[in-house]
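What follows draws every value from the coordinates through simple rules; no lab data is involved. Here the structure is a predicted model, which means the values were calculated and not measured. Neighbour counts are summed over all protein chains in view; Cβ atoms, including those assigned to glycine, are modelled from backbone coordinates with ideal geometry.
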Amino acid sequence: MEDYKNTAAETANSEPQVRKKHIVREYAESIIIAVILALIIRTFIVQAFKIPSGSMEDTLAIGDHILVSKFIYGTKIPFTSTRLLKIRDPRRGDVIVFEYPEDPSKDFIKRVIGTPGDTVQVINKRVYVNGKLYANPHEVHKEKDIIPKEQNPRDNTDPIVVPPNSYFVMGDNRDRSYDSRFWKFVRNDQIKGLAFIKYWSWDKENFGVRWKSIGKLID
């Protein structure tokens, strides 16, 4: 009888421990699943980015938080240049996020101006693609002076032919953007995705939310 009481007491004491272990295991499994799903979404579907500079003003302001579609150009297999299930290639006018060619640890955001095979030339701040003026409605110029191409390529360039699997990109804030005019091209395998919507925007200078920007599509 004494042994039975001891056994019953031990069982009663062990039940809370078993239940506690079971709860801990459930939480751990839920967290692991959530992390895996988040990694899958971030790697293959959509990723959030924050705008750190004014090179895309007035389309994107410093402090804008955006979402980037990672599957529209094809899901990139990590550590390779292979893309799967591509919907379409980047088009002229797309706003893309990519690995900065001169430092892949940094992400840049610019607008596609030239696609593979295009000839791009800047003449007195005006952009010509295949000999025709390409005037994007989002471009702005905040500097009046014209810089000769002998000094730097901001306002004037020689004709530039975009090679295969590469893109010529520029910031909408044309006079204050470090882009393909200076460092040439973005390879297809460096592109992370298409910027499509602002989900948050914080104006640091005025210490306030830009409510009108939230939910605004990027075109």
Fill in the blank from the handout: Per the rule of 0.36 nm per residue minus the C-alpha distance, extending residue 152 to residue 203 adds in nm 15.1 nm
Exercise for the section: Determine which residues of the stretch 92-131 fall in the zone a paramagnetic label at residue 183 would reach in this model, i.e. backbone nitrogen under 12 Å from the point 7 Å along Cα→Cβ. Expected result: 98-110
Handout entry: Largest-first ellipsoid semi-axes for the stretch 63-103, taking √(5λ) over the Cα gyration tensor eigenvalues, angstrom
Key = 18, 15, 11
Problem - Alpha-carbon radius of gyration plus Dmax, which is the widest Cα pair, for the stretch 145-219 in Å - result: 16.6, 45
Handout entry: Mean projection area, nm², convex hull over Cα of the stretch 104-183
Key = 5.5
Exercise for the section: Might you report the magnitude of the Cβ-based charge dipole of the stretch 94-169 about its Cα centre, with Lys and Arg at +1 and Asp and Glu at -1, to the nearest 20 debye? Expected result: 320
Problem - Debye, to nearest 20: dipole size of the stretch 32-179, +1 on Lys, Arg Cβ, -1 on Asp, Glu Cβ - result: 500
Completion exercise
Length gained, residue 138-residue 88, 0.36 nm per residue minus C-alpha separation, equals 15.7 nm
Exercise for the section: In whole Å, largest first, what are the principal axis extents of the Cα atoms in the stretch 36-183? Expected result: 52, 34, 27
Practice task
Can you tell me which of 172-182, 94-104 comes out highest on packing, and rank the rest after it, using the mean Cβ neighbours within 10 Å?
Solution key: 172-182, 94-104
